[in-house]
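Enquirer: This is the structure, below, for whatever I ask next.
The values are calculated or read from the model by the stated rules, or taken from the named source; none is laboratory data. On a predicted model such as this, the values are computed, not experimentally measured, just so you know. No Cβ is skipped: glycine too gets one built from the backbone with ideal geometry, and neighbour counts run over all protein chains shown.
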Amino acid sequence: MMPIILNTPDPMVKVRVMTAKDYSNKALKTLHRAGVLHVEESEELRPVDRAAIENERGQVAELLTDIDDVLVYILKGERISLGEDIEVIYTRPFSETDSEVRLLCTKLSNMHQRAVKLKQEAEGLKGLKRYLELLGQQADLRLRDLNFSGSYLFSRVFILPGETYETCYNKLKDYLFGSMVATMENETVLHIIAKVENQKIIESTVKDNGGKILPIPDEDLTLKEFMGAAEDKIHSLEEELAKINEEIEHKTRENLEKLILFREALSAENERLSVLEKASEAKYVTLIEGWIPENNVEDTVSELKENIGYVFIDTRKPEQVEEPPTKMRNLTAVRPFEVIVNLFGTPKYREWDPTPIIAYSFAFFYGLMLGDVVYAALIMLFANRGLRRFVDDPESEGFKLFQRILYISCGVALVIGLLTGTYLGNFYELFGIESLALAEGIKAILGNPISFIVLSLIIGLVHVNIGHVLALIRGIKEKQKGVAPGKAGLFILQIAGIPWIMHAILHVDIPLLTAQIYSILLYIVLLGVILIVASSVMQKGAFIGGIFWLFDITGLLGDVMSYCRLAGVGLAT
């Protein structure tokens, strides 16, 4: 909805501040100074509040781990000069720091994970090569022969600790058709061939003795061929790993200052949350809650962190069942008219703020009814000089807003007075001056009672229907039963009924409308009435709705006719 007609209140955020009880008064003052509304202090933390502190501390620890994982590529002891104050980072909302750190570390972390994967692959290949080299010295078998599973026989390569090999082999030898053994340092490589039916017993015995199965690649290569291929693969992996490590170091150095700043700020945050966590366990922490406009969150969080040593701040959007306070956000020229809106009741948080249309309407109606240059100038002078004598505090915000309402409204009256040439009425005629009007057409309309009344009715018709259109939109959004047909009926009744009444009762014909069209308009009027009746029954029930539909029609007529007072007061002045 465009704010030139309606506005919506400032989006609010629930802010929850947890701090040591010694800091509660300081926190309350800071929140009030920052413009937080409906501030309330709770004596004791709920379990969910303690969990919130623990959760944020966990997130801080996770971010610190991410940063440390990246910084391992920088030599220890290297000195870094920081161009920005850590306090600037520390006082920012945690959500901003969280998103920036994650964005900074994500690419570096992905590269780091790739480097770890390459390193593990290279080390695994080196280990496999080392074991198979021992077997290759005895026989140049094919890889598939080392890890074979058939319907009758199978073969495997096991790695056993040197101290358990003899014991394990004595348990296995009766099941084996053949074996080949090689030793290195404190490990023994054992290649066996046995029956498939004994496979589970053999593998279980190996595992019980601290052994493991050596994974053999499923490739049609001899051991010697594999040794050569493995050596090339290891060399390729190490080259790729070196390039990635070099790139990681380069990227890390590019963002090194930021990373260090974030690490120091997060370390301070982690320490602060740790103290609060321990204090909450000892019931030495207080909770303060309130509502703040969304666009003020960052400044408020910064101010709290600057003024209070140990504080945890949690912000969230309002839930559907909550009713936050209303803070209007109108343009400077329109803001004074919030006073008039508040006289009838401040709009709720999820309701529209009618201040813009109230501002235009009030100023225009006031100007139309006063419409005199001298009167307008005198009221403006009184508002500026004399009105302050009748109030206790002329410097209060309410008084200044009321002054601005008078300035704006009298400004409109002054313009209309200039256009119609009204100076203390027609006082200038006493001096033989016929007219001082700048716009004779406007003077003719506002000077003739009938034309002024017609203008007032047209204004009323437009103004009232704006209200009905807004009510229709709201009814559709809130899925109110029967609102749409009722409002549609009112619109149809006016569109068809006004021309028909002008023709049938006032004997005034509208150009382009023929006698046949006027006869059709009567049926359209009946359709509008049927829709209004149906809507009233749907909303109020058959009995009450069957009676009150009449008041919808008479209410519309009364609302529009009430605008005749514009002409009445305007002509009187």
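Enquirer: Going residue by residue through the stretch 132-149, is there one that turns out to be in contact (Cβ under 8 Å) with a residue 60 or more places away in the chain, assigned by TED's automatic domain parsing to the domain that holds GLN199 and hydroxyl-bearing (Ser, Thr, Tyr)?
Expert: No: the stretch 132-149 contains no residue that is in contact (Cβ under 8 Å) with a residue 60 or more places away in the chain, assigned by TED's automatic domain parsing to the domain that holds GLN199 and hydroxyl-bearing (Ser, Thr, Tyr).
Enquirer: Mind listing whichever residues of the stretch 129-159 are of a type outside the set (S, T, N, Q), loosely packed, with under 14 Cβ neighbours inside 10 Å and more than 18 Å from GLU219 (Cβ to Cβ)?
Expert: Residues satisfying the conditions are GLY150, TYR152.
Enquirer: Yes or no: SER267 of a type in the set (Ser, Thr, Tyr) and loosely packed, with under 15 Cβ neighbours inside 10 Å?
Expert: When the stated conditions are applied, SER267 does not pass them.
Enquirer: Check the stretch 478-499 and report whether any residue there is crowded, with 16+ Cβ neighbours inside 10 Å, over 22 Å from VAL464 (Cβ atoms) and under 44 Å from the mean Cα position of the chain (by Cα).
Expert: no
Enquirer: Taking the residues in the stretch 58-98 that are assigned to a loop (DSSP other than H, G, I, E, B) and hydrophobic (A, V, I, L, M, F, W, C) as candidates, determine which candidate is modelled with the highest pLDDT.
Expert: Restricting attention to the stretch 58-98, the residues satisfying the condition of being assigned to a loop (DSSP other than H, G, I, E, B) are 72-85, 91-93.
Applying the additional criterion that residues be hydrophobic (A, V, I, L, M, F, W, C) yields 72, 74-75, 80, 82.
Numbers: VAL72: 70, ILE74: 64, LEU75: 53, ILE80: 57, LEU82: 55.
Result: VAL72.
Residues are listed down the side, and each one gets a yes or a no for (1) among the acidic types (Asp, Glu); (2) assigned to a loop (DSSP other than H, G, I, E, B):
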{"site": "PRO215", "(1), (2)": "no, yes"}
{"site": "GLU225", "(1), (2)": "yes, no"}
{"site": "ASP232", "(1), (2)": "yes, no"}
{"site": "LEU261", "(1), (2)": "no, no"}
{"site": "ARG272", "(1), (2)": "no, no"}
{"site": "GLU277", "(1), (2)": "yes, no"}
{"site": "LEU287", "(1), (2)": "no, no"}
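Enquirer: Restrict the check to the stretch 474-495 and report whether at least one residue is modelled with pLDDT under 85, assigned to a helix (DSSP H, G or I) and in contact with a helix residue (DSSP H, G or I) (Cβ under 6 Å, 6 or more places away or on another chain).
Expert: Among the residues of the stretch 474-495, not one is modelled with pLDDT under 85, assigned to a helix (DSSP H, G or I) and in contact with a helix residue (DSSP H, G or I) (Cβ under 6 Å, 6 or more places away or on another chain), which makes the answer no.
Enquirer: Suppose we filter the stretch 122-131 for residues that are free of Cβ contacts under 8 Å to residues at least 40 places away in the same chain and either outside the structural domain of ILE213 (by TED's automatic domain parsing) or farther than 10 Å from LEU214 by Cβ (or both); how many remain? Reasoning before the result, please.
Expert: Narrowing the stretch 122-131 to residues free of Cβ contacts under 8 Å to residues at least 40 places away in the same chain: 123-124, 127.
Remaining after also requiring either outside the structural domain of ILE213 (by TED's automatic domain parsing) or farther than 10 Å from LEU214 by Cβ (or both): 123-124.
Qualifying residue count, the stretch 122-131: 2.
Enquirer: Looking at (1) of a type outside the set (Lys, Arg); (2) surrounded by 16 or more Cβ atoms within 10 Å (Cβ to Cβ); (3) part of a strand (DSSP E or B), which one does ILE202 not meet, given that it meets all the others?
Expert: It fails just one condition, (3).
Enquirer: Could I ask something else about it? Looking only at residues that are out of contact with any Asp or Glu (no Cβ under 9 Å at 6 or more places or on another chain) and either under 17 Å from ASP372 (Cα atoms) or without any contact (Cβ under 8 Å) to a residue 40 or more places away in the chain (or both) in the stretch 450-467, which one is surrounded by the most Cβ atoms within 10 Å (Cβ to Cβ)?
Expert: So the residue we want is PHE452.
Enquirer: Can you go through VAL189, VAL116, VAL101, VAL181 and tell me which one is farther than 28 Å from GLU239 by Cα, at pLDDT below 90 and in a helix (DSSP H, G or I)?
Expert: Working: VAL189 fails: in a helix (DSSP H, G or I); VAL116 fails: farther than 28 Å from GLU239 by Cα; VAL181 fails: in a helix (DSSP H, G or I).
Only one candidate qualifies: VAL101.
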